[in-house]
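Step one of this worksheet: look at the structure below.
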Amino acid sequence: MSAGPAWFEQLNWSAVWSVAALANNRRPIPEGSGCYVFTEEASGLRPGKVLYIGKAENLRTRLGGYLVDYRNTRPTKHKGRAFVFEHRDRIGDHATYLRWVLYGGKTGELEANLCEFLWPDCTDRWEKHELWDDDESIDPRLLG
């Protein structure tokens, strides 16, 4: 991962997975709460190189909706999911990557701070949350 704010450096990100691999086997995705990030690069997370950031109370359930065969499902009204489906169609599942981080705090707060730092290409909401200072740290008990 690239150098970033102290709170970002504390996050225990999962391994990087291609959407193609996870579409066939969702077991690696935990059922806990946290945030997830789609990229088109398997390398470290960097500002301006992120497609979409989201949050979930149950990562496996939420991410399952992004991993479906979008060509054989009804159109979605979720802007983020539609953006990811469009990217998958354009670039392919082997070149679309996903990683997540477990988080026991307010996932909306983490998502807002990730968006502020990583500047995703698409976001479907900018909720009002307190943004953390670069030198602020996260209570380790909240980290997965």
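Every read-out reported here was derived from the displayed coordinates using simple, explicitly stated rules and does not represent laboratory data. Keep in mind that this is a model prediction, so the values were computed, not measured.
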### Query
If the cut-off is 19 Å between C-alpha atoms, which aspartates and glutamates fall inside it for K77, apart from same-chain ones fewer than 8 positions away?
D69, E86, D89, D121, D124, E127
### Summary
Amide H proximity to D121 below 5 Å, modelled H, separation 5+ or other chain, gives V50, L51, Y52
### Query
So in the stretch 6-124, what percent of DSSP beta bridges are antiparallel if you round to the nearest 5?
95
### Query
Where does helix 79-91 land angle-wise versus the long Cα axis of the chain, in degrees 0 to 90, nearest 10?
60
### Task
Taking amide H positions as placed in the peptide plane 1.01 Å from N, state which residues far from L143 in sequence (5 or more) or on other chains have amide H under 5 Å from it.
G104
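For the chain, what is the calculated [θ] at 222 nm in deg cm²/dmol (nearest 500), taking -39500 (n - 2.57) for each run of four or more DSSP H residues and dividing by its residue count?
On the way: 5 runs with 42 residues, N = 144.
Helices in the chain give a 222 nm mean residue ellipticity of -8000 deg cm²/dmol.
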